[in-house]
1. Being surrounded by 16 or more Cβ atoms within 10 Å (Cβ to Cβ), of a type outside the set (A, V, I, L, M) and closer than 30 Å to ASN173 by Cα is the requirement here; does LYS54 meet it?
2. Among (1) assigned by TED's automatic domain parsing to the domain that holds TRP147; (2) in contact with a helix residue (DSSP H, G or I) (Cβ under 8 Å, 6 or more places away or on another chain); (3) more than 28 Å from GLU121 (Cα to Cα); (4) among the hydroxyl-bearing types (Ser, Thr, Tyr), which single condition is SER33 missing?
3. Within region 9-23, does at least one residue satisfy the condition of being in a loop (DSSP other than H, G, I, E, B), surrounded by fewer than 17 Cβ atoms within 10 Å (Cβ to Cβ) and either in contact with a Phe, Trp or Tyr (Cβ under 8 Å, 6 or more places away or on another chain) or of a type outside the set (Lys, Arg) (or both)?
4. Any chance you could count how many residues in region 72-95 are surrounded by 12 or more Cβ atoms within 10 Å (Cβ to Cβ) and over 24 Å from GLU118 (Cβ atoms)?
5. Taking the condition of being in a loop (DSSP other than H, G, I, E, B), among the hydrophobic types (A, V, I, L, M, F, W, C) and out of contact with any Cys (no Cβ under 7 Å at 6 or more places or on another chain), how many residues in region 25-49 meet it?
6. Can you tell me how many residues within region 175-209 are assigned to a loop (DSSP other than H, G, I, E, B) and modelled with pLDDT of 90 or more?
7. Of GLU47, GLU16, which residue is touching a residue at least 24 places away in the same chain (Cβ under 8 Å) and closer than 18 Å to GLU115 by Cα?
8. List the pairs whose first member sits in region 184-204 and is in contact (Cβ under 8 Å) with a residue 40 or more places away in the chain, whose second member is among the small types (Gly, Ala, Ser), and whose Cβ atoms are under 6 Å apart, counting only residues at least 6 apart or on separate chains?
Amino acid sequence: MPANQLSGDHEKNCIEGTKFLSSLDQDWNSLVSSVGPCKLILSMELEPYQALIKSVIFQQLRPASASAIFNRFTQCFDDNFPIAKQILVTPKNKLKECGLSTNKLATIIEIANQEENEGLENRKGFEIMSDIQIIQKLTKIKGIGEWTAQMLMIFNLGKLDIFPVGDFALKKNYSLFKNISSPINMKDLSKISEEWKPFRSIAAWYLWKYKLKSC
């Protein structure tokens, strides 16, 4: 499918999801009105395995620190995102000098290994898999948890109905959004998010924005 067609379809889905959320109740209507149209941008320029590697680099780091490490990582490859083979032939100590931890480096090398040996699906392969199948596949890689898999599904594969209930910001912002005094737990938030199907990814996007533009 051409990129512009996919972009058009994605934009159409975002508009539909925004209208759906606005119709749920006054709180959602106010949040959507305050934040404005959904601009959930997909990183389609990266292959899924590359987006997964980028997510690993950004895990548990502040954006500025993660961006600095990521920039040093790409500088090792003439400021381009490397293909799997390039990663595998690059000395580990050179990659580690970018600021990668030992565990993150091991995970990145394993992702590159699987890609090089056709152990990971390409975009078309992921498209025919269910959400559960994708999560089960990716979390078998040491260092890849459910949250990282879900970030790939939302921002690279363009899955519309993913809600990362373990995301700290989403739990915190939902409690603020609904004026809940005590932090909401994952089980309760997961149950509540069922009401947002089939646009839970868009609901997550709006809740991530809640702190920036409180309604």
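1. yes
2. Here SER33 meets the rest and fails (1).
3. Yes, some residue in region 9-23 is in a loop (DSSP other than H, G, I, E, B), surrounded by fewer than 17 Cβ atoms within 10 Å (Cβ to Cβ) and either in contact with a Phe, Trp or Tyr (Cβ under 8 Å, 6 or more places away or on another chain) or of a type outside the set (Lys, Arg) (or both).
4. 3
5. 4
6. Qualifying residue count, region 175-209: 8.
7. GLU47
8. Once the first residue is in contact (Cβ under 8 Å) with a residue 40 or more places away in the chain and sits in region 184-204, its partners that are among the small types (Gly, Ala, Ser) give TRP196/ALA203; PHE199/GLY17; ARG200/SER193; ILE202/GLY17.
The values are calculated or read from the model by the stated rules, or taken from the named source; none is laboratory data. Predicted model, so just to flag it, every value in this text is computed and none were measured. Here Cβ is always computed from backbone atoms with ideal geometry, including for glycine, and neighbour counts include all displayed protein chains.
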